[in-house]
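J.: My questions will all concern the structure given below.
Values in this text are rule-based calculations from the coordinates and carry no lab data. These numbers were taken from a predicted model, which means no experiment stands behind them. When we count neighbours, we look across all protein chains shown, and the Cβ atoms used for this are built from the backbone with ideal geometry, even at glycine.
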Amino acid sequence: MKLYDVIGIGIGPYNLGLAALTNEKTDLETIFFDQNGEFAWHPGMLIHGTDLQVPFLADLVTFANPTSKYTFLNYLHEQNRLYKFFFFQKFEMPRSEYASYLKWVAEQLPSCHLKSEVSDVIDHGNHYEVVVNHWGIQEQKSYFTKHVVLGTGSTPNIPFELDKIESEFAHHSSQYVYLKDQTIRAKHITVVGSGQSASEIFYDLLKLQEHFNYHLAWYTRSPGFLQLDNSKLGQEVFSPDYVDYFQTLSFQQRQATLEHLGQLRKGIDKETLHKIHELLYHRTVDNKPIPVTIQPLTEINKVSKKGMGLEVQATQWQKEDTFSFDTEKVVLATGYKPNIPDWFYDRFRDKIEWEDDKLYKVDSNFRLSFKDGSRTHHFYTFTNLAHSHGTGATNLGLAVDRNIQIINEIAGKTIYEQQRDTIFTQFKPE
């Protein structure tokens, strides 16, 4: 049997970066599988005019190898867009262009296979067996590997009951672009959420409101529509040095720290908030009323069908006031939760250590901690890492450092140099 060095499960930015970095400078045998029919990065949220919230240097490879052919700058060069980006004069890249860049990289990597759903992973003691359903050719096949990397990403989180409502009436923000044409034909639209996705959807609908004449409402459980802290020193928590520090904390300390860093992890870009306020101001010149509701401190409890529309039950939690209102469409920008496959729990729940009943224990090298102690075949994970590796667990720039550590460990030597002592902040006395 052929024994791979690494099999990656899921092909998103994290595993795609691993595939790109192992394709250059290493002789590691790798293969990556994804169940989707084509590569697409958050296609339902590629709203025209929106940018990524991190600089273009946080591409798949630059922090490991700026000379790689898989950098975003080389993508621009290959697409004859380098001068256009130069005159664009922004450090951030458009979301739609980032998605195109990822697809461009994926199409160049022979190790990446779509239409291939991993249905099981079996631990054989000194290697893993990965069972793959190649649904495009209707074939099931087993692959064998020394190491596994789980990169199955996240799935939409809906924290309240929808009462089996069809998606055309109430849907997660991940479907927004697909259902937008139906949404804007309603007479009343409600957006739920407090983060960047909610603000971008609200602003997109606010710009179109005058053409379609709907009431637009925005509710969030948060105490306000708070701005993301983009201060330069504050952002240094998204560095390998801070991850190293975070790893020295106890589980309880790590959980508390995540709460303290909420303004750095969650929030709305300042420019988006300013654009929303400016548009609202211009619309209300001469104190002309507009059909807009913006209300924080409000928890949505349930959404139900009512005639041809919907009824929303909510609570203003600070004053403990329960109320309801009618709407026709609800867009839920309520975030995501880790996407852990069912086979993972079936095969590994009793084999690995857990920090609590939901969070598995992950060591500093992103390996699951097995109860049998030291082992030479590792199960790495990119999924559900905030509790173990901190506020930057989903940060695209830190994903490259994560891949550097995994590659160097598997190769048994330094393929890519790790960057440390890179910031001005220190997090403990020297």
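J.: Going Cα to Cα from residue 288, which lysines come in below 20 Å? Please leave out same-chain ones fewer than 8 positions away.
T.: Filter leaves 187, 207, 275.
J.: Related question: How much length is gained if the chain between residue 290 and residue 260 is pulled fully straight, taking 0.36 nm per residue apart and subtracting their Cα-Cα distance, in nm to one decimal?
T.: 7.1 nm
J.: Modelling each spin label as a point 7 Å along the Cα-to-Cβ direction, I'd like the residue 302/residue 207 distance in nm, to one decimal.
T.: Output for this residue pair reads 3.8 nm.
J.: Tell me, what are the semi-axes, in whole angstrom and largest first, of the equivalent ellipsoid of the chain as set by the roots of 5 times the Cα gyration tensor eigenvalues? Mind dumping the intermediate values first?
T.: On the way: eigenvalues 297, 123, 109 Å².
The equivalent ellipsoid of the chain has semi-axes of 39, 25, 23 Å.
J.: Please find the FRET efficiency linking residue 227 to residue 126, where r is the Cβ-Cβ separation and R0 is fixed at 41 Å, and quote it to the nearest 0.05.
T.: Numbers: r = 51 Å, r/R0 = 1.25.
It comes to 0.20.
J.: Would you kindly state how much longer the chain becomes between residue 324 and residue 182 on full extension, computed as 0.36 nm times their sequence separation minus their alpha carbon distance, in nm to one decimal?
T.: Roughly 48.8 nm would be gained on extension.
J.: Using 24 Å as the Cα-Cα cut-off, could you pick out the over-long pairs in 69/90; 164/306; 115/361; 270/302; 146/361; 2/115?
T.: 115/361; 270/302
J.: Considering only the chain, what is the antiparallel percent among its DSSP beta bridges, to the nearest 5? Don't skip to the end; give the middle numbers.
T.: Numbers: 38 of 71 bridges.
In the chain, approximately 55 percent of DSSP beta bridges are antiparallel ones.
J.: Just report the Cα centroid separation between segment 11-89 and segment 292-325, whole Å.
T.: 40 Å
J.: Using a Gaussian network model of the chain with C-alpha springs under 10 Å, which one of 42, 113, 211 is most mobile by mean-square fluctuation?
T.: Maximum fluctuation in the GNM of the chain, among the listed residues, is at 211.
J.: Tell me which aspartates and glutamates have Cα within less than 12 Å of residue 351's Cα, excluding those fewer than 8 residues away on the same chain?
T.: Output for residue 351: 123, 372.
J.: Compare 319, 187, 329 in a GNM of the chain, Cα atoms joined below 10 Å, and give the one with the largest fluctuation.
T.: Checking each option, the largest mean-square fluctuation is seen for 319.
J.: In nm, to one decimal, how far is the modelled label at residue 113 from the one at residue 274, with both set 7 Å along Cα→Cβ?
T.: Distance between label points: 5.0 nm.
J.: Can you tell me the orientation of helix 95-108 relative to the chain, as the angle in degrees between its alpha-carbon axis and the longest Cα principal axis, to the nearest 10?
T.: Orientation of helix 95-108: about 30 degrees from the principal axis.
J.: In addition: So if each residue of separation counts as 0.36 nm, and I subtract the Cα-Cα distance between residue 81 and residue 247, what length gain in nm does that give?
T.: That pair, residue 81 and residue 247, stretches by 55.7 nm at full extension.
J.: Straight-line reach from residue 266: which aspartates and glutamates have a Cα under 13 Å away, not including same-chain ones fewer than 8 places off?
T.: Candidates past the 8-residue exclusion: 229.
J.: Given a Förster distance of 45 Å, report the FRET efficiency between residue 316 and residue 357 from their Cβ-Cβ distance, rounded to the nearest 0.05.
T.: The pair residue 316/residue 357 has a calculated efficiency of 0.90.
J.: For segment 1-138, just say rounded, prolate or oblate: build the C-alpha gyration tensor, square-root its eigenvalues into a ≥ b ≥ c, call rounded for a/c under 1.5, and beyond that prolate if a/b exceeds b/c, oblate if not.
T.: Since a/c reaches 1.5 and a/b is larger than b/c, the shape of segment 1-138 is classed as prolate.
J.: Okay, next question. At a temperature of 37 °C and a viscosity of 0.692 mPa s, determine how fast segment 70-152 diffuses translationally according to Stokes-Einstein, using the Kirkwood radius over alpha-carbon pairs as Rh; express D in µm²/s, rounded to the nearest whole number.
T.: Answer, rounded: 208 µm²/s.
J.: Starting from the Kirkwood radius over alpha-carbon pairs of segment 282-393, derive D by Stokes-Einstein at 10 °C in a medium of 1.306 mPa s and give it in µm² s⁻¹.
T.: After rounding, the answer is 84 µm²/s.
J.: Non-local amide H neighbours of residue 51 (under 5 Å, H modeled in plane, Pro and chain starts lacking H): which ones?
T.: Under 5 Å from the amide H of residue 51: 95.
J.: How far is it, in nm, from the label point at residue 40 to the one at residue 420 when both lie 7 Å from their Cα along the line to the Cβ?
T.: Using points 7 Å along Cα→Cβ, the separation is 4.3 nm.
J.: Additional query: Could you give the angle, 0 to 90 degrees to the nearest 10, between helix 251-260's Cα long axis and the longest principal axis of the Cα atoms of the chain?
T.: Tilt of helix 251-260: around 40 degrees.
J.: Given H placed on each backbone N at 1.01 Å, which residues far from residue 191 in sequence or on other chains put an amide H within less than 5 Å of it?
T.: The answer is 217, 218, 219, 331.
J.: Per 10 Å bin, what is the whole-percent P(r) computed from every C-alpha pair distance within segment 192-288?
T.: 13, 36, 26, 15, 8, 2
J.: Rounded to the nearest 0.05, what FRET efficiency do residue 409 and residue 160 have when you use their Cβ-Cβ distance and R0 = 41 Å?
T.: Rounded to the nearest 0.05, the efficiency is 0.45.
J.: In addition: If you average over every viewing direction, what projected area does the convex hull of the Cα atoms of segment 251-300 give, in nm²?
T.: Reported value for the Cα convex hull: 5.5 nm².
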